[in-house]
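To start, the structure under review is shown below, and the notes come after it.
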Amino acid sequence: MSPSSRPAAPLPVPLAGRSIRAAVIGTGAIGRGSHLPALRQLAAEGETEVVAAVDIDATAVERFCAEGGVPHGYTDLARMLAEQRPDLVTICTPPTLHREQSVAALRAGAWVWCEKPPVPTLADYDAVEAQEGAESGPYSSIVFQHRFGSGSRHVRRLLAEQELGRPLVAHCQTTWYRDTAYYAVPWRGRWQTEGGGPAMGHGIHQMDLLLDLLGPWSEVRAMAGRLVHDVETEDVSTALVRFESGAMATVVNSVLSPDEVSRIRIDCERATVELTHLYGHSNANWRITPAPDVPGEQAAAWQDFGADVPSSHLAQLRELVASMRAGRRPRSSGADGRTSLELITALYKSAFTDTTVRRGEVGPGDPYYTALHGGAPGWAPATGTPTPTDTAAATVNVEEVPA
């Protein structure tokens with residue numbers, strides 16, 4: 001959609017000298033456990049004010065409001081946007097609902113902070129981005145909290161300034177375990193309602209962090225399998241990724257791994273950087289091993305991560321609020337927020353077509369632009385129409401909280 005055809009949004013409301021009015025969409029585990037606590041912490045600091053919550057389940061939203069001290073509960077998003085006029089909407093629903101809800105919020109003049117996966121396809125992402133403000137917002141950003149905090153900030157600086165030398169070899173691992181009961185939830189493991197398998201719903205965090213640290217990728221070659229679970233999507237994938245810098249990486253995403261771990265390792269000319277954790281990291285989860293010829297003083301300086309700020313929704317929300325007040329595009333929005341979804345899309349295309357896929361290759365007219373299964377035989381669902389059970393199950397997002 002061109003700027004001239006974009007629906008006119010309300011004029012930006014000045015944010016100086018007042019708290020940012022926020023609303024939470026989806027009152028399930030991620031809304032209760034991560035978004036609301038982060039918003040309430042910033043409310044205690046005078047930065048935000050949670051004015052409303054929305055869920056299609058009236059009982060759930062009433063309980064959320066009562067327990068969280070939220071003054072207004074709704075079962076209708078459009079009505080909430082019209083009556084409360086929030087500055088910020090945080091979206092905590094399943095991926096299949098993200099496009100419609102993000103567009104509605106942007107059209108109402110609200111900034112958006114949307115849980116991962118951002119939307120099911122690149123076509124959906126581009127449709128959301130087309131609704132953003134041309135200058136100073138509102139913008140839609142994605143929850144990629146692993147990018148934020150003192151550890152990732154320190155390592156990003158070391159890499160950007162090439163203190164560790166050129167990145168050469170990397171490994172990105174999301175090997176988790178999900179049993180049959182996990183996939184008994186009707187919307188999980190289905191293209192229509194979850195958007196993808198572990199590459200999309202689980203490994204996206206580590207892949208996004210890898211891209212944030214190493215910069216643009218250039219090509220990917222992948223495999224995917226359905227080895228254990230009776231689902232439409234994959235339950236494991238592997239990939240080889242080449243970066244524009246020349247660095248090469250292996251990527252593994254699995255829900256078949258009893259010994260669960262999330263890991264990134266980057267071998268540079270002068271040091272190896274490794275992050276090992278599960279669902280979030282602090283300074284202690286990072287390790288920098290210098291090459292034998294690195295002077296001791298320099299190696300010691302690399303180990304100084306500063307005050308410990310763990311990766312978290314709160315760490316990202318602080319930066320988002322600062323961007324809102326400055327009227328500038330936040331990190332993990334626009335092209336920056338799109339990069340991991342583009343890599344994942346290319347991973348699926350490569351796996352299902354047995355080809356190497358290059359960055360920028362998947363666009364309008366490509367079947368993978370509008371569906372991550374791309375219509376591939378053996379992977380495309382028998383029908384693209386969700387059942388009533390699918391729709392009813394898409395009430396709230398519980399994916400982020402380990403089952």
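The values are calculated or read from the model by the stated rules, or taken from the named source; none is laboratory data. Owing to the predicted nature of the structure, the values given are computational and were not obtained by experimental measurement. Because the Cβ atoms are built from the backbone with ideal geometry, glycine has one as well, and the counts that use them run over all protein chains shown. The protein model used for the area step is the full one, side chains on, heavy atoms only, and it has no ligands, DNA or RNA in it. Shrake-Rupley method; radii C 1.70, N 1.55, O 1.52, S 1.80 Å.
Only one of T59, T48 is surrounded by fewer than 16 Cβ atoms within 10 Å (Cβ to Cβ) and either among the β-branched types (V, I, T) or closer than 17 Å to W113 by Cβ (or both). Can you tell me which? Lay out the reasoning, then the answer.
Values: T48 fails: surrounded by fewer than 16 Cβ atoms within 10 Å (Cβ to Cβ).
T59 is the lone residue from the list that is surrounded by fewer than 16 Cβ atoms within 10 Å (Cβ to Cβ) and either among the β-branched types (V, I, T) or closer than 17 Å to W113 by Cβ (or both).
With the requirement that a residue be part of a loop (DSSP other than H, G, I, E, B), out of contact with any strand residue (DSSP E or B) (no Cβ under 7 Å at 6 or more places or on another chain) and surrounded by fewer than 19 Cβ atoms within 10 Å (Cβ to Cβ), what does the range 339-373 give you? Don't jump to the end; show me each part of the working.
Keep residues of the range 339-373 that are part of a loop (DSSP other than H, G, I, E, B), which gives 354-356, 359-366, 371-373.
Cutting the leftovers down to out of contact with any strand residue (DSSP E or B) (no Cβ under 7 Å at 6 or more places or on another chain) gives us 354-355, 360-366, 371-373.
Scanning the range 339-373 gives D354, T355, G360, E361, G363, P364, G365, D366.
Among the residues of the range 261-271, write down those that are surrounded by 13 or more Cβ atoms within 10 Å (Cβ to Cβ) and either over 28 Å from G201 (Cα atoms) or within 21 Å of the chain's Cα centre (by Cα) (or both). Walk me through it before giving the result.
Restricting attention to the range 261-271, the residues satisfying the condition of being surrounded by 13 or more Cβ atoms within 10 Å (Cβ to Cβ) are 262-268, 270-271.
Within the range 261-271, S262, R263, I264, R265, C268, R270, A271 qualify.
Has the range 274-282 got at least one residue that is in contact (Cβ under 8 Å) with a residue 24 or more places away in the chain, within 28 Å of Y368 (Cα to Cα) and either open to solvent by 10 Å² or more (accessible area, probe 1.4 Å) or aromatic (F, W, Y) (or both)?
no
Just the residues that are out of contact with any strand residue (DSSP E or B) (no Cβ under 8 Å at 6 or more places or on another chain) and either among the polar types (S, T, N, Q) or open to solvent by 40 Å² or more (accessible area, probe 1.4 Å) (or both), please, taken from the range 211-225.
Kept after step one, since they are out of contact with any strand residue (DSSP E or B) (no Cβ under 8 Å at 6 or more places or on another chain), are these residues of the range 211-225: 212.
If the condition is that a residue be out of contact with any strand residue (DSSP E or B) (no Cβ under 8 Å at 6 or more places or on another chain) and either among the polar types (S, T, N, Q) or open to solvent by 40 Å² or more (accessible area, probe 1.4 Å) (or both), then no residue fits.
Select from the range 339-367 the residues that are closer than 10 Å to L122 by Cβ, touching a residue at least 40 places away in the same chain (Cβ under 8 Å) and over 22 Å from the mean Cα position of the chain (by Cα) and list them in ascending order.
P364 - this is the single residue of the range 339-367 that is closer than 10 Å to L122 by Cβ, touching a residue at least 40 places away in the same chain (Cβ under 8 Å) and over 22 Å from the mean Cα position of the chain (by Cα).
What's the total number of residues in the range 191-226 that are more than 19 Å from V362 (Cβ to Cβ) and basic (K, R)?
Here the count works out to 1.
Every residue in the range 30-81 that is in a strand (DSSP E or B) and among the hydrophobic types (A, V, I, L, M, F, W, C), please.
Matches in the range 30-81: V50, V51, A52, A53, V54.
For a quick check of your reading of the model, give me the residue pairs whose first member lies in the range 33-44 and is more than 14 Å from R21 (Cβ to Cβ), whose second is modelled with pLDDT under 95 and of a type outside the set (A, V, I, L, M, F, W, C), with beta-carbon atoms closer than 7 Å and at least 6 apart or on different chains.
The qualifying pairs are S34/E400.
Scanning for something small (G, A, S) and either closer than 20 Å to H277 by Cβ or within 13 Å of the chain's Cα centre (by Cα) (or both), does the range 173-193 turn up at least one residue?
Of the residues in the range 173-193, the ones small (G, A, S) are 181, 184, 189.
If we keep only those that are either closer than 20 Å to H277 by Cβ or within 13 Å of the chain's Cα centre (by Cα) (or both) too, we end up with none.
No.
Residues checked against (1) under 27 Å from A371 (Cβ atoms); (2) touching a His at 6+ places or on another chain (Cβ under 8 Å); (3) surrounded by fewer than 24 Cβ atoms within 10 Å (Cβ to Cβ); (4) at pLDDT below 95:
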site	(1), (2), (3), (4)
L106	yes, no, no, no
A110	no, no, no, no
A123	yes, no, yes, no
D126	yes, no, yes, no
A130	yes, no, yes, no
E135	no, no, yes, yes
S140	yes, no, no, no
S150	no, no, yes, no
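Which of the residues that make up the range 292-338 are closer than 24 Å to A127 by Cα, small (G, A, S) and open to solvent by 60 Å² or more (accessible area, probe 1.4 Å)?
A335
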